[in-house]
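So the structure is just underneath, and the comments pick up after that.
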Amino acid sequence: MKRALLLLCLLLPVASWAETVQLAGSTTCLKIVRAAVEEYAHLHAGTTFALSGGGSSAGIARVLEGRTHLGMSSCEPTREERQRLLAAHVRILPIARDAVVPVVSRAVFEGGVRHIRRAELADIYAGRLRNWRALGGPDRAILVVGKNAYHGTQRVFMRYLGLDRVPERWLIELDDDRDLLRLLRASDQAIGYVGIGYLDDSVRALALQLEEGVVAPTPDNIRAGRYPLARTLYLLVAPGAPHEARAFADFLRAPAGQAIVRKTGFVPLAQ
Amino acid sequence: MRDRSWKAWALLMAVAVAVAVAVAVAVAVALGALRDHRLAEVRAQLSSANQAVQSFLHRDRLRLSDATARLLRDPLVRDALTRLLANASSVDRFDARHDLARAVFADHFAGFYLLDAAGRVRFSMRDADAGARSPGEVSRALKRLEMGDPFVLSHPFFWRDQLHMWGIRAMRDATGRIIGYFALALGETQVRSLVRPVGRIGRTGESYLVDSRGLMLSASRFEAELRTRGLLGAGQRSVLRVRVAEPGVGDKGQWPLTLAVREALRTHRAGVSLTGYRNYLGVPVFGAWRWDDVLQAAVITEISQQEAMVAYAKARNIVLLMLFVVMVGGLLVTLGYGRMRARAERAANRLRNMLIDSTAEAIYGVDLDGRCTFVNRAFTNMLGFEEHEVLGKMVHGLIHHSHPDGSPYPIEECNIYRAHRERTRVHRDDESFWRKDGGEVKVEYWSHPLFEGNKVVGSVVTFWDITDKRRAEAERARLERQMQHAQRLESLGVLAGGIAHDFNNLLAAILGNATLVRQFLMKDPLKAKERVDRIIQAVDKAAVLCRQMLAYSGKGKFIVKAIDLSRMVDEMTHLLEVSIDKSIVLRYHLAPNLPAVQADEAQLQQVVMNLVTNANEAIGGKSGVIAITTGLMQADAEYLAGCYAAEGVKPGRYAYVEVSDTGCGMDRATIDRIFDPFFTTKQTGRGLGMSAVLGIVRGHHGALRVYSEPGRGTTFKFLLPVDESLAPEQVREARRELARFDGGLVLVVDDEETVREMACMMLEDMGFETIAAADGQQALDMYRKHRKRIRLVLTDLTMPHVDGRELFMRLRRLDPDCRIILTSGYNSQDAIQQFAGKGLAGFVQKPFTAEALHAAVAKVLGGGQ
């Protein structure tokens, strides 16, 4: 009896050494993950989480290096990345569908700019288009805001625009979507882009003008694939991840987790 | 008994109440202590949380201050600002904005404002802002910057429909003069700790900031509550919209600020309230507050009283519950115990009742007051009372209220309660109990006292009905009498037959002689005369026989005349001597001048004759003495009670004739039977003699006393009342006052208590002190003890163990000068004869009068004049 008790006592601290689940990567995914962690903590009080951003690239890199349990990516891994991930036995788990949406300050939208063509976007971000007047908006210079290169959102957006690199001079690069939004909110002349999960009332999304017509970034359009700037959000599970991390990943992909996805403004995987 | 149990019950109740009160007080004290402890804990918690909040706020403010400082140090920023202040062109301005935005938003701020020295907006994210006057709160902040604060964090304020909070630094030129202000609008993450302080405790604890107007500067934890109460609009935040005041009625602008706010604003010091007050939601709370000069706001930490004291409340509830459980448990246990005891008692009672109901005897118990404590079935059957009619009632009055003859029997005299008082058993068979219907039940009862320790607590009485027994006894007595009567009748027949037979013989003798007279009258007159003499003899005999019979029946014709008994006896001497054996001596002690008695001489003669004849036969052919004594005596009631034929005989003076013999004597049983008509110990005779004697004595209103001892002899003494009228002189003589002696101790020895007492009384009257002994041994012991003082010894002759003779011998041996007077029922001559030459001082014949005793004593001691 005494021995069992002793063993139990030894186990208790061990139990409390349960691993903190480490997540790093896409800030877009972070919005879902933050909400999911809060929900998850209610159900599994013992599990602790350490969240950090850094962008999708950072997420992929860290997972490959084994410096994080769960990597977050908001863009499709490149072929090279995919190979390396698979080689490292990293599981690539889609957790949500997302779209990157060009957003403008409200004043701009109210000023008349409702939709935009890809070419126009490219001109703006290349620095060729400098005033809203050219797009039928107010007579103000365009304050161009974007995310830095580590972010999946940026890669997706840039890929769409067909731009490799953007000169810094007229682009404000921010790391945090919230800062980006804050800027757009504070400004009456800014443009940026975010995952639809970050859209709120303080900014206005621009619909894309395609050949077929104007395609708004609605969940239907996104799921149907009509909206071109769609993407899948991934969770990358490191091979040596503790079972709490795996459990969390499963939770995210389960209906409860997908409900959180929807709640946070993203598009759940399946309907 | 009932009183006592009430008292015990009252005492128990008092003790229980006292205990309960003591426990309650103890519990209250303990709970009070617990409460105080908890309150102290709450105080500590609130104070530390409040302080922590303040610390966090300061830290965050410091961080912001650093951030703003850093930004301002950024060369790009400085450059931009310089350009802006220098009235740059619009392109420049756009570039400046671009650069500033990059820096500012990357640091998570929500905007910037460049103000001129007057506080107007020079440049911001929007051109539209330019020229706008800074809001009031900002002006206040600018003032403090003017006064020297390096960094000021403004309170939240509304500007252009938005909530702003700015961190502002002054921009000075080389001389230190303020050239403008640079304000950074805080983003929601930066503001978070300021807008939502960390001081949350439990479910209801919160911390918040309040400005000097009483407006909340941070977000309330209970915004939903506020909205429900209508203190906040839907979608609104509490910042700057909630006045931290006690909810009431009327204009909420007039509501008094909560205690914490009031105190914080008034004293600008830290404080705690543990007495409680109502917060802005009306909830009773405990609170801690402090005023922060840096933030220019009150920091308040509150927790609802209910939640704060929940631990105490839980403990209190547990204690009270436990107390309740204990009390209820105690009560149940007492009840249960009481019931158990009652049940045990009932069971014991059942057994007891079974036992006592199974007896044929009636049993009942009484307590000291005389109340019935239990009865058995036999009791109720025997006396007709129901159990409930008797229990608890005074039972004496119900069943034992009267004597058998109907006279009332008060409880104080009741023998049953004697058992209580005397702690003894009482057994009576001469009393009656009374049934419910009034019928009498003769009972034999035993009463046993009940003891508790050494104290009597009551009695148990058992009784049975002896009515039948008595009736049977009465019946038996009646039957016996009947039998005796029959016997008597039968014997009477026999007697009649006998008498007739004798008469027949006599008549035959008379007839025979008469015939011979007829024959010889003419021829031989002498012979005829002889025959006539014979006839006269026979007739005489017949007459005697007749008289005897008459005497026996007690109804004969008396020839009553005044007779001197001494003279009568004297005249009978020849007759008597002829009737006795030659070997027996007749002694006469005839008193002279005997007062006359009214009597039939012949009958008395017959009595004397019978007595002498019996005496003769008692001696039975051996040598012996028959002594005849006559005298006068005073017979009292007690003396007469011991006589035969003395029914209705009054005390007074009597003349007596005493016949004593030294014959074989009679035992007690024989004495009892001698007067039975046909009892005889003799071979011959019909045994009529003594019954005839008794009849004669009875007929003369006299009395007969018998005194006998087996082996010693018998004395018969018959008394006849003296005719007072005949000898008045003698009467006068008798009553002379007896002279007293001059003290001394006399030892009186007699085995008969009454004789002892009488002698003692007489001696005391004469002036002596007396001590008494019941037998010779006792007398010896006493003599040895009081030897010096004893003047005289008066002793009986016949006594058990050591008799008078033995005593006399021993006393004389012990003390040769000892004076001893002997008393005896026997004639003095015969008694004294034994002591002739041995120094007997005197003799008194029993029964003796005071005079006789006095005379004897006087003779011995001399004096007594």
Would you say residue A:196 is of a type in the set (A, V, I, L, M) and within 14 Å of chain B (Cβ to nearest Cβ)? no
Given B:100, B:76, B:84, which one is hydrophobic (A, V, I, L, M, F, W, C) and away from every other protein chain (no Cβ under 14 Å)? B:84
From the list B:476, B:471, B:425, which residue is under 28 Å from the mean Cα position of the chain (by Cα), modelled with pLDDT under 90, closer than 29 Å to residue B:360 by Cα and not small (Gly, Ala, Ser)? B:425
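Identify, please: which residue in the range B:57-110 is aromatic (Phe, Trp, Tyr) and crowded, with 22+ Cβ neighbours inside 10 Å and is, among those, farthest from residue A:146 (Cα to Cα)?
B:109
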Residue by residue through the range B:546-570, note down the ones that are assigned to a helix (DSSP H, G or I) and either modelled with pLDDT of 85 or more or of a type in the set (Gly, Ala, Ser) (or both). B:551, B:553, B:565, B:566, B:567, B:568, B:569, B:570
Could you list, in sequence order, all residues of the range B:125-149 that are over 25 Å from residue A:146 (Cβ atoms) and within 13 Å of chain A (Cβ to nearest Cβ)? B:130
From the option list B:228, B:204, single residue qualifying as surrounded by fewer than 22 Cβ atoms within 10 Å (Cβ to Cβ), among the β-branched types (Val, Ile, Thr) and closer than 21 Å to residue B:52 by Cα is B:204
Of all the residues that make up the range B:427-446, how many are part of a strand (DSSP E or B) and in contact (Cβ under 8 Å) with a residue 40 or more places away in the chain? 3
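Residues in the range B:108-124 that are more than 7 Å from chain A (Cβ to nearest Cβ) and in contact (Cβ under 8 Å) with a residue 60 or more places away in the chain: how many?
Within the range B:108-124, the subset more than 7 Å from chain A (Cβ to nearest Cβ) is B:109, B:112-124.
Filter once more, so that each one left must be in contact (Cβ under 8 Å) with a residue 60 or more places away in the chain: B:109, B:112-117, B:119.
Within the range B:108-124, residues that are more than 7 Å from chain A (Cβ to nearest Cβ) and in contact (Cβ under 8 Å) with a residue 60 or more places away in the chain number 8.
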Would you call residue A:58 surrounded by fewer than 21 Cβ atoms within 10 Å (Cβ to Cβ), small (Gly, Ala, Ser) and over 23 Å from residue A:223 (Cα atoms)? no
Just the residues that are surrounded by 15 or more Cβ atoms within 10 Å (Cβ to Cβ), in a strand (DSSP E or B) and either within 14 Å of chain A (Cβ to nearest Cβ) or out of contact with any strand residue (DSSP E or B) (no Cβ under 8 Å at 6 or more places or on another chain) (or both), please, taken from the range B:152-189. B:159, B:163, B:164, B:166, B:183, B:184, B:185
Between B:20, B:16, B:52, which is surrounded by 12 or more Cβ atoms within 10 Å (Cβ to Cβ), touching a residue at least 40 places away in the same chain (Cβ under 8 Å) and more than 30 Å from residue B:203 (Cα to Cα)? B:20
Please tell me if residue A:201 is touching a strand residue (DSSP E or B) at 6+ places or on another chain (Cβ under 8 Å), within 30 Å of residue B:128 (Cα to Cα), within 13 Å of chain B (Cβ to nearest Cβ) and in a loop (DSSP other than H, G, I, E, B). no
Being more than 10 Å from every other protein chain (Cβ to nearest Cβ) and in contact with a His (Cβ under 8 Å, 6 or more places away or on another chain) narrows A:122, A:207 down to just A:207
Just for the range B:647-672: of the residues that are of a type outside the set (Asp, Glu) and more than 17 Å from residue B:611 (Cβ to Cβ), which one is modelled with the lowest pLDDT? B:648
Residue ID - nearest to residue B:101 (Cα to Cα), chosen from residues in the range A:174-188 that are more than 8 Å from chain B (Cβ to nearest Cβ) and at pLDDT 90 or above: A:184
Among the listed residues B:543, B:509, identify the single one that is in a helix (DSSP H, G or I), farther than 22 Å from residue B:610 by Cα, of a type in the set (A, V, I, L, M) and outside the structural domain of residue B:607 (by TED's automatic domain parsing). B:509
Would you confirm whether any residue within the range B:442-457 is among the polar types (S, T, N, Q) and buried (at least 17 other Cβ atoms within 10 Å of the Cβ)? yes
Some residue of the range A:30-43 being assigned to a strand (DSSP E or B), among the aromatic types (Phe, Trp, Tyr) and buried (at least 18 other Cβ atoms within 10 Å of the Cβ): no
Kindly indicate which of A:159, A:140 is within 11 Å of chain B (Cβ to nearest Cβ) and more than 19 Å from residue B:188 (Cα to Cα). A:140
Which numbered condition in (1) in contact (Cβ under 8 Å) with a residue 12 or more places away in the chain; (2) more than 9 Å from chain A (Cβ to nearest Cβ) is the only one that residue B:66 fails? (1)
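Output the residue which, of all residues in the range B:582-620 that are free of Cβ contacts under 8 Å to residues at least 40 places away in the same chain and not basic (Lys, Arg), is nearest to residue B:659 (Cα to Cα).
Checking each candidate, the answer is B:609.
The values are calculated or read from the model by the stated rules, or taken from the named source; none is laboratory data. Since this is a predicted model, take the numbers as computed values, not measurements. Note that we place each Cβ from the backbone using ideal geometry, even for glycine, and neighbour counts take in every protein chain shown.
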